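A short write-up of the structure that comes next.
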Amino acid sequence: MSLFLLPFPFIIALLLVLAWRRRTQRLKADATAWQIQNIKSMKRQGAHETATLLADLIENDGAGAWPPKTNYGSWPEPLRAYKDIYLELVPTLPAANPSLDDDVNQEKRNKYRMRMRKLLSERVDIVGVEKLMIAAAAGDTDAFPRDVYNAFYCCIAVCRHAYRWATIPVVKVAQLEKIVDFPPELDVPWPYLQRSFRVDADSGNNTANVLHNFDENGERVFKINVGLNELITSSEDAFFRLFYDLEVLAMPIYYDMIRAVVCFEENDTVSCLTHLQNITFRVRTLLKVFYDGLTASRVSKEVWLSYVQGFQGWGVGRMINGEYVKFDGLSGNHVLIFQALDAFLGIGRYLSDENMDRYIPGRQRDLCVALKKHSFRGKLKGPMDCQIEEEFKKIVNHMKLFRSAHRTRVMPYLEQPAPERLTMTAGKSVLEGPDAKSALKVLDDMLVTRLKQTA
Ligand code: HEM
């Protein structure tokens, strides 16, 4: 219907709502830009370790912003073929009706892998790629700008996941693989990228595969269920957008956490309390994105397990120093804001040291270590401190609420039938156990334990 056919007052109301929305978005972006400037100037003044580490994260990994900036528009010539190849092959990756026959599945996978290997070897100038990786490692941001580097990290990570599974939904024959022989074009740049982000895994992670998968206009670049029905494609989009939106709302919380720490250490209790109140308010807003976003109407339970989750898994490994080491795929446990809040509240870490090193970029780890070191919840004793303590309690309660909601929301997604595969989560790979129910019980126990630790 043409806009001119609508009643005049309706048009005015619509325009006002749009203008108000645009203004709110601009104000939000301005506030975040101001906070980033503030953190950078705190770093310049050597004001606090936590501010320096957040500024380092933004300036380096974030290419000057947070969530991290990407650039998909102007890539150096040797890198361009990767993106084209992923996009050219992606319509052949998913299957609307996955087969239950191992041979049929294996044939489809072999075909996909052969085509990818062939296109990579024909079109990628691997020497040119390695030269660029070396230039980036030497800090040459003219040859390889950081926002392009972030986009390329995502591109290689998703190409590796595509090659690893070679079909969507993931199928038993793929899950039973132990070692994958990747094409050299996917192996050569990977250690450079992983060294730069200080992560050890062969698989991708939430930063590479999810956050970096949004372009300058906020559009997702490397989708996986291309050509399948609307229920699947919209569930895929809604699910991953949730993680990005959360990180947008997390930035001001990192800022307030740092300001709260600094104010506490300077005995400025009143300002400290204000920052804590900001955190409480912002955490509530952020968690609303999770509560509103992970619902059956946005992310369908029927399709999530087979079509959205599987590709993010990994579950293969390689021999390292004579030992077989297997890596896992992506999990919500990679998300920085939850780790940062736990650290700020003085709660012990969820992930082991080994898993932190494998999946969480070094600068994100450093920030959390510093937030934990400067956590002051256990140091409250002054006369004004009871108000601060009350505010901390509110934040802890939000985290408890999130953890119990997460537990009840996610279990039905994992319990869906997926006869083409073995029981698996992306974050924990194929699950051991006599049956699916007991395998899932192990996961539920992890979530219950974490909920109990949130005190
Ligand atoms: C249907 C979707 C989801 C499922 C099935 C799911 C499942 C799980 C499972 C089984 C765990 C425990 C095992 C592990 O550490 O990997 C876990 C952990 C976790 N998940 Fe999710 N998850 C989902 C969505 C999300 C979302 C959207 C977020 C937040 C953006 C999230 C955040 C977390 C966090 C932070 C942890 C670590 C434990 C904790 O801190 O409480 N998950 N998830």
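Tabulated data for the structure shown
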read-out	value
Single match in L273, L231 (criterion: in contact (Cβ under 8 Å) with a residue 40 or more places away in the chain, open to solvent by 40 Å² or more (accessible area, probe 1.4 Å) and part of a helix (DSSP H, G or I))	L231
Single residue of the stretch 430-440 satisfying the filter (more than 10 Å from the ligand (Cβ to nearest atom) and outside any helix (DSSP H, G or I)) that is farthest from the chain's Cα centre (by Cα)	P434
Some residue of the stretch 365-375 being under 20 Å from T274 (Cβ atoms) and more than 23 Å from the chain's Cα centre (by Cα)	yes
Filter result for the condition that a residue is more than 16 Å from the ligand (Cβ to nearest atom) and open to solvent by 40 Å² or more (accessible area, probe 1.4 Å), over R282, R259	R259
Residue list for the stretch 408-425, restricted to those being within 14 Å of the ligand (Cβ to nearest atom) and either open to solvent by less than 80 Å² (accessible area, probe 1.4 Å) or among the aliphatic types (A, V, I, L, M) (or both)	R409, V410, M411, P412, Y413, L414, Q416, A418, T423, M424, T425
Residue list for the stretch 296-309, restricted to those being surrounded by fewer than 16 Cβ atoms within 10 Å (Cβ to Cβ) and more than 19 Å from the chain's Cα centre (by Cα)	A296, S297, K301, E302
Qualifying residues in the stretch 339-377 (those that are out of contact with any Lys or Arg (no Cβ under 7 Å at 6 or more places or on another chain) and open to solvent by 80 Å² or more (accessible area, probe 1.4 Å)) - the one nearest to D200 (Cα to Cα)	E354
Residue list for the stretch 335-344, filter: in contact with a Ser or Thr (Cβ under 7 Å, 6 or more places away or on another chain) and touching a residue at least 60 places away in the same chain (Cβ under 8 Å)	F344
Residue selected from the stretch 310-333 under the condition open to solvent by less than 10 Å² (accessible area, probe 1.4 Å) and not aliphatic (A, V, I, L, M), by the criterion farthest from the ligand (Cβ to nearest atom)	G317
Which listed residue is open to solvent by 10 Å² or more (accessible area, probe 1.4 Å) and among the aliphatic types (A, V, I, L, M), from V210, V248	V248
Meets criteria (near the ligand (Cβ under 10 Å from one of its atoms), on the phi < 0 side of the Ramachandran plot, without any contact (Cβ under 8 Å) to a residue 40 or more places away in the chain and crowded, with 17+ Cβ neighbours inside 10 Å) for L443	yes
Selected residue [assigned to a loop (DSSP other than H, G, I, E, B) and in contact with a Phe, Trp or Tyr (Cβ under 7 Å, 6 or more places away or on another chain)] from W304, W314	W314
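The values are calculated or read from the model by the stated rules, or taken from the named source; none is laboratory data. This one's a predicted model, so the numbers in the text were calculated from it and none came from an experiment. Please note: Cβ atoms are built from the backbone with ideal geometry, for glycine as well, and neighbour counts cover all protein chains shown. Each accessible area value is taken on the protein alone, full model and side chains, heavy atoms only, with ligands, DNA and RNA left out. Shrake-Rupley method; radii C 1.70, N 1.55, O 1.52, S 1.80 Å.
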